[in-house]
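The values are calculated or read from the model by the stated rules, or taken from the named source; none is laboratory data. Model, not experiment: these values are computed from the prediction. No Cβ is skipped: glycine too gets one built from the backbone with ideal geometry, and neighbour counts run over all protein chains shown.
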């Protein structure tokens, strides 16, 4: 998969878990320390599965689960992986209270499910991945690098 540059947009269609595994593996080849990946999509669209496959590609041997109840799972790989899930948090204040901004100062790669609740505190630049359910087995996966133009609230 080509490297995402500013304003680039890559769209892939996955018709199976095997297709999604391949897309995740290709995506993992372009990750660097400090990358923040914001994962958008409804429940069951494949966000956690995608993170699992990227983590496996980066050498994680642990059992990888959704951090829905714990809010954060950490994995050791070639670079540490921090997998956040903000589904159960109400707002940016709660996200700040868990120390999210402090985590971004660590070395590693950061995945965030349900980032809509944290857009104002995301870094200036991050990778946005949108999962759209096409049918039972198929997903449209759109990846782009975005600039987070923060404005005073």
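Assorted remarks:
- Residue 87 touching a strand residue (DSSP E or B) at 6+ places or on another chain (Cβ under 8 Å), assigned to a loop (DSSP other than H, G, I, E, B), surrounded by 13 or more Cβ atoms within 10 Å (Cβ to Cβ) and touching a residue at least 12 places away in the same chain (Cβ under 8 Å): yes
- Selected residue (criterion: surrounded by the most Cβ atoms within 10 Å (Cβ to Cβ)) from residues of region 42-66 that are in contact (Cβ under 8 Å) with a residue 24 or more places away in the chain and over 16 Å from residue 24 (Cα atoms): 66
- Taking (1) part of a loop (DSSP other than H, G, I, E, B); (2) modelled with pLDDT under 85 in turn, residue 105 satisfies each apart from (2).
- Residue in region 120-137 that is part of a loop (DSSP other than H, G, I, E, B), touching a strand residue (DSSP E or B) at 6+ places or on another chain (Cβ under 8 Å), crowded, with 17+ Cβ neighbours inside 10 Å and on the phi < 0 side of the Ramachandran plot present: yes
- Condition check for residue 94 on (1) closer than 23 Å to residue 140 by Cβ; (2) surrounded by 13 or more Cβ atoms within 10 Å (Cβ to Cβ): one failure, at (1).
- Conditions (1) part of a helix (DSSP H, G or I); (2) under 22 Å from residue 139 (Cβ atoms); (3) touching a residue at least 12 places away in the same chain (Cβ under 8 Å); (4) over 14 Å from the mean Cα position of the chain (by Cα); number of the one not met by residue 13: (1)
- Residue match in region 68-76 (condition: in contact with a strand residue (DSSP E or B) (Cβ under 6 Å, 6 or more places away or on another chain), at pLDDT below 85, outside any strand (DSSP E or B) and farther than 22 Å from residue 147 by Cβ): yes
- For region 1-33, residues that are out of contact with any helix residue (DSSP H, G or I) (no Cβ under 8 Å at 6 or more places or on another chain), modelled with pLDDT under 95 and crowded, with 16+ Cβ neighbours inside 10 Å total 2.
- Within region 22-57, the set of residues being in contact with a strand residue (DSSP E or B) (Cβ under 8 Å, 6 or more places away or on another chain), more than 24 Å from residue 124 (Cβ to Cβ) and in a loop (DSSP other than H, G, I, E, B) comprises 42, 44, 45, 46.
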